[in-house]
There are 2 protein chains.
Amino acid sequence: MRTIWSLLIIGLLLNAIQMPCFAASEETSRPLRLMPWPTSLKTGSGQLAIDTSFSVGIKTPGDAHLQKAVSIFLDDLRRHTGMLPLDFAITDPAKAQLVVSAEHPSKPVQELGEDESYMIEITLSGATLNAPTTLGVMRGLQTFLQLVEITPKGFAAPAVSIQDRPRFPWRGLMIDSSRHFFPVNVIKRNLDGMAAVKMNVLHWHLSEYQGFRVESRRFPKLYEMGSDGLYYTQDQLREVIGYARDRGIRIVPEFDMPGHSTSWFVGYPDLASGPGPYSIERRWGIFDPAMDPTRESTYKFLDVFIGEMAALFPDQFFHVGGDEVNGKQWDANPKIQEFMRAHGLKNNADLQAYFNQRLQKIVAKHGKTMEGWDEILRPDLPKSIVIQSWRGPQSLADAARQGYRGLLSSGYYLDLMSPASQHYQVDPFADGAANLSDAEKQRVLGGEACMWAEWVSPENIDSRIWPRTAAIAERLWSPLNTTDLASMYERMDGISDWLDAYGLTHNTNYDLMLKRLAGSDNVSTLRTLANVVEPVKGYSREALATTEPTSLMPLNRLVDVAHPESAEARRFSALVNAFVSARIKPGTEAQIRAMLMKWRDNDGKLRPLIEKSSLLQEVAPLSQDLSSFGSAGLQALDYLASGEKAPEDWKNQQLSLVQQAFRPKAQLLLMVADPVQKLIQASAGETPTDLPIPKNAAQ
Amino acid sequence: MRTIWSLLIIGLLLNAIQMPCFAASEETSRPLRLMPWPTSLKTGSGQLAIDTSFSVGIKTPGDAHLQKAVSIFLDDLRRHTGMLPLDFAITDPAKAQLVVSAEHPSKPVQELGEDESYMIEITLSGATLNAPTTLGVMRGLQTFLQLVEITPKGFAAPAVSIQDRPRFPWRGLMIDSSRHFFPVNVIKRNLDGMAAVKMNVLHWHLSEYQGFRVESRRFPKLYEMGSDGLYYTQDQLREVIGYARDRGIRIVPEFDMPGHSTSWFVGYPDLASGPGPYSIERRWGIFDPAMDPTRESTYKFLDVFIGEMAALFPDQFFHVGGDEVNGKQWDANPKIQEFMRAHGLKNNADLQAYFNQRLQKIVAKHGKTMEGWDEILRPDLPKSIVIQSWRGPQSLADAARQGYRGLLSSGYYLDLMSPASQHYQVDPFADGAANLSDAEKQRVLGGEACMWAEWVSPENIDSRIWPRTAAIAERLWSPLNTTDLASMYERMDGISDWLDAYGLTHNTNYDLMLKRLAGSDNVSTLRTLANVVEPVKGYSREALATTEPTSLMPLNRLVDVAHPESAEARRFSALVNAFVSARIKPGTEAQIRAMLMKWRDNDGKLRPLIEKSSLLQEVAPLSQDLSSFGSAGLQALDYLASGEKAPEDWKNQQLSLVQQAFRPKAQLLLMVADPVQKLIQASAGETPTDLPIPKNAAQ
């Protein structure tokens, strides 16, 4: 993982040289902070001033949805400029600085594939935003918002001409509210974040082994006994759906079945394939309980339940999960075995396919289109269903060839703690999908970032979703050739701060959590360490756990605070790569030296904090490693400066120290190990090398 | 102002030497972070562990209010320890680590003067919290919460024995939601902050020249025409009142009359004393419109209106404002003049007293006790009314002598940007009140911090209220002899971070606003400047404005971001005072030198940001001043180190530079001017002096 990291950094630097620069604002010479990057952009000359009297005119009256979108836009513009509710206005288009128009209103219930394109024209004297639909206006308003910047003459939007449309019609974020529960305010602020980067689907994972999160009036024991009191009322759900709708976001509910369903069985044990009683699962993993697909009562229940949910969630799509049924309860149940024999079902996959056929008919009866994970794909299901691929691009391509529509989520799992660059390079048309025919490609609807919730709480979920999801959003919206990593990172850093205005806590909770770890206000030394570590990647956290993790376990360790991707390690790697490859700018060595000195001296200062906090004791070895890296790096720099080659035994000793420090500690990785290794190698006259890519790097 | 500041710092250091240290935790040797400091505290040995299985038992069952208080407490404990909803529980008292009991439930509607005392006993094996009332338990739970800290063995509360009771029964915060509007979430998070420091009254200023903020069903044009759409619905108000009630906080509404009432007249011009039409006032200041006290229709209106509001707001007290009637509309209205002659009313004060007598009868008719500002005090009103003193402790004492109950707000005006130390030293029993008899002292109910809202928005209001209000809360709760400024500041810094957990934004919005000012993520140099400036004090901001300020003016300048009190300047002053008085610790000079060097070098680095942002241009001279101070201070240190006395002409030149920099720029004060002056004086062999205290320092 660390190695792929370094390769990316080198790639990044090469890209920065090879690729043309992105457009920059004339007034401030700052690059435009647009994300996703638009399909086509031409910069003009000058800028449109945005002062307190700024106003928007709506050319297509009577579209309440458009009116609401403009009023949300003005609120957002106030947040980003620090203006007040009495500033800005909606006025007569003849007098407005920005005139918006939609040729047609969007559908009353937002549909897959509605036109989201738009055109923006900004000049010195005014701006227009035109789109075929209200949805397109919404996307364009986000672009306009991102264009507004402070200049020497006040807030302004630069003169530009933009034509923009999404590459894929389905650009989603999945939030798992079941393994941990996220209150409505958490969901709302993430919807704001999604809208800012033009995502259009919240896929809401609402039931699991560990919790059933929706109020059902028909089957109240689902939430009464299956949620620990942590569920959404129907009023709250309607509120969130409306909030999303106002931002051009569909909400697709997922009720995972027949597996991942223990919480249903606490109140309704007869649904299960094994004998009860059941209790809410506290562990993580894959468990045996599964619905009984052989009883008619199961389908009667689901018919009523899905009917209720179909009325509550207006979206066309209804996600039935369908993943990871281990079949053990089915194997152990003689009645189920008998049923399989009687119906010629050869194995559990056949039995699940039978279940899915029945389920699909129920979903269709209630007017919905069924969606599910990879496992539901069987040729006996109608071609209308949608397959969400978590197993890889190949299964997505297979589905498309068989005539099924699909979404890519493999490669977009946020819980695996991969760097944004890695997600950014995953494309729904890569690998297996590259050779699809045009008609088959049409069936690839897009993708979804997935926030599985074993290791996230309301306090740190935003920091796992943002800003990395912005890179995925760009992959799914922007043209295929938008691949410049340096530009992506620069703009992502900007968007990360931009999102703070919506109350997202990915930045603001960092210090709060560090202060709690330290039991002190003075966390500068702890921050120095936290800034260069990352949580272990892939599923290593489960593998490295010393006691079995459960949903009762507090998420208040440094691994829960550290960002999935260390910006400081990224910068340090870039500096070192430039330095060892002699593509050095003035000041590079001094910057490297300053960072190394800070790390070398940090352990001594951090130690008193560590000693006072049980939560920090586990990070003591990491802190020592960081100090050692500082010293080793500085020694390497001294050798390089002196022109004297570092002695072989010193080099070997340092490299073995680095190798040792590559190993996770406290479920964290010290992300400066790799560049320090490069410095050591360079000081010994060797060509710096990367380690082989670890097995889980492709996740 | 700067000078009183330095005196305080010296006082602070002296106090730290003279006063006994406050109790510290045995496990971590950190001082206990309790605020307000309790009446009596004895530390024991060892600590009570707080792990995921921590539970609370309630000995007095059937008290729903107590049950709710404990459940809020557990939520708060989860926030502060990073634990999850499934951690902690309410259990059988026989099995619980913390057992709480209230001898009596609190009153269904919280009343002034209910017993808020409590006793806490924490040992190695368990803890008890006993109180005469549920309210006392609530206060004790906040103390318990503040005792929990991270230790080498996990989260724990130290063994202590606490007996605690408030000094005053009315400890309030006034929020003006009228000059600017604050949405419900802003009010709620501030209620959390109030509860954390044991305040018990939110005085809500709900009508003004600039806005009428409450839905009235009887007179809908009040909010429809008088609020710009920015008002609280009755449902929202009930929600907030319940939220406050659950935290032991009363809500006293204020509808200011007969002045400060332009917004009423937009919809109901007949209420006014001058001819309409009226529009919502956009400027700040004192304006002419006032209700017509001579018409019966005015009292009919108020009878119906107060009846509606009395039903909506359950508290016993009803605040009628009554301040700052300039009488111009009365003077100009012949009918009113005729009425005054006919009724023997000699002047406008007599007319307002007539109005207040009528008003008091209406308020009493609806079962409420009238409260008002200083101006309503006239011997012809019944002794039941409560006087809120904004003019000074003398008027409070006068009221008490005349048999009226009163509250102190003079000295607690948060909008005047005074340091916490200054508020902390204001006591309701100081000055005029010191000689009151015991019976008269009983009439002094307490005080209220006041957040007037000319210069605050939802974005920065928390930073004006917190953490300084914690010092006022301590003054009103803790024993009279709790006066150690060093201890207060140390604990206030701790509480400031503590409050972050409730979503208060006084810390978290700082960087967000700086980034917007800079139009950049990289704000370290801007932060260096922002950290050592403070907004001008008293009413200087109005006085220094170059264009007439209005409610449409964005609050997005550095003066709106800078904290009312610079912690860095406070620390620097303390270092310099120690240094020049030779009470020097190892490292003091090095610390001073490092800070001066950072400031000296800052202007050059900040300049490029300033040049790109119209909002920053006004701070360029401040940035230059800070650099000059850095250079001057460093030169002074060099003279002191060399033993050579600084030359007279250098000294005079530097002092005149400092004098010049004392003047506000961009409505900001550079708070390191005074200590730098001391360094210069010391380097020339002079005794460092303070400037005379400026006129507005006592505000």
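Structure above, values below:
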item: Nearest-0.05 FRET efficiency for A:Gln591 and B:Gln660, computed from C-beta distance (R0 45 Å); result: 0.75
item: Taking chain B and dividing mean pair separation by its residue count, relative contact order in percent (alpha carbons under 8 Å, at least six apart); result: 13 percent
item: Segment A:513-586, relative contact order [Cα under 8 Å, separation at least 6], %; result: 38 percent
item: Probe 1.4 Å, protein heavy atoms only - accessible area per residue of segment B:549-699 in square angstrom; result: 41 Å²
item: For the pair B and A, total buried accessible area rounded to nearest 100 Å², probe 1.4 Å; result: 3600 Å²
item: Backbone HN-Hα couplings from phi across segment B:50-61 [Karplus 6.51/-1.76/1.60, Hz, Gly and Pro as x]; result: 10, 10, 4, 8, 3, 9, 10, x, 10, 7, 10, x
item: Summed residue charge, Cβ within 10 Å of B:Leu312's Cβ, Lys/Arg positive, Asp/Glu negative; result: 0
item: Of all chain B residues, the one whose C-beta is nearest the axis that brings B onto A, in angstrom; result: B:Thr508, 2
item: Approximate spin-label separation A:Ala311-B:Gln624, in nm, with each point projected 7 Å along Cα-to-Cβ; result: 7.3 nm
item: Bridge type composition, the protein assembly as shown - antiparallel percent by DSSP, nearest 5; result: 40 percent
item: Check: the protein assembly as shown dipole with +1 on Lys, Arg Cβ and -1 on Asp, Glu Cβ, in debye; result: 40 debye
item: Average Cα contact separation per residue, segment B:571-699, under 8 Å, 6 or more apart, as relative contact order %; result: 27 percent
item: Point-to-point label distance, A:Thr550-B:Asn531, nm (Cα→Cβ direction, 7 Å offset); result: 4.4 nm
item: Those residues of segment B:548-593 for which accessible area with every protein chain present is at least 10 Å² below the isolated value (1.4 Å probe); result: B:Ser551, B:Leu552, B:Pro554, B:Leu555, B:Asn556
item: Rounded to 5, the percent of DSSP beta bridges in chain A classed as antiparallel; result: 40 percent
item: Copy-to-copy label separations for A:Ile584, where each label sits 7 Å from Cα toward Cβ, in nm and ascending; result: 3.9
item: 11 Å reach of a label modelled at B:Ser614, 7 Å along Cα-to-Cβ, counting backbone N of segment A:130-156; result: A:149-156
item: Amide H contacts of B:Tyr413 (H built 1.01 Å from N, under 5 Å, at least 5 apart or other chain); result: B:Cys450
item: Sequence-distant residues sharing a close amide H with B:Ser216 (under 5 Å, placed H); result: B:Tyr223
item: Value of Rg to Rh for segment B:607-647 (Rh from inverse mean 1/r over Cα pairs, i.e. Kirkwood); result: 1.27
item: Buried on assembly, segment B:483-501 (at least 30 Å² less accessible surface than by itself, 1.4 Å probe); result: B:Asp497, B:Asp500
item: Simple spin-label estimate for B:Ser279 and A:Arg283 in nanometres, 7 Å along Cα-Cβ; result: 7.1 nm
item: A:Gln653/A:Ser524 FRET efficiency (R0 22 Å; Cβ-Cβ; nearest 0.05); result: 0.10
item: Surrounding net charge for A:Leu596, when Lys and Arg each add one and Asp and Glu each subtract one, Cβ distance under 15 Å; result: -2
item: Shielding by partners, peptide A:77-88 (average Cβ within 10 angstrom, other chains); result: 6
item: Listed residue (B:Phe182, B:Leu230, B:Val252) projecting farthest to the positive dipole end of segment B:164-254, Cβ model; result: B:Val252
item: Sites B:Val109 and B:Asn326, calculated FRET efficiency, Cβ-Cβ separation with R0 22 Å, nearest 0.05; result: 0.05
item: Heavy-atom accessible surface of segment A:408-490: percent carbon and sulfur, 1.4 Å; result: 49 percent
item: HN-Hα J in Hz across segment A:162-173 - Karplus 6.51, -1.76, 1.60, θ = phi - 60°, x for Gly and Pro; result: 10, 10, 8, 7, x, 6, 10, x, 10, 10, x, 10
item: Cut-off under 5 Å, modelled amide H: who pairs with B:Lys153 long-range; result: A:Ser614
item: Copy-to-copy label separations for A:Lys42, where each label sits 7 Å from Cα toward Cβ, in nm and ascending; result: 8.5
item: Stretchable slack from A:Lys383 to A:Lys361, in nm (0.36 nm times residue separation minus alpha-carbon distance); result: 6.6 nm
item: Overall form of chain B per C-alpha gyration tensor (a/c, 1.5; a/b vs b/c); result: oblate
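The values are calculated or read from the model by the stated rules, or taken from the named source; none is laboratory data. If you're wondering where the values come from, they're calculated on a predicted model, not measured in any experiment. All Cβ positions, glycine included, derive from the backbone under ideal geometry; neighbour counts span all protein chains shown. All accessible areas refer to the heavy atoms of the entire protein, side chains included, with ligands and DNA or RNA removed. Shrake-Rupley method; radii C 1.70, N 1.55, O 1.52, S 1.80 Å.
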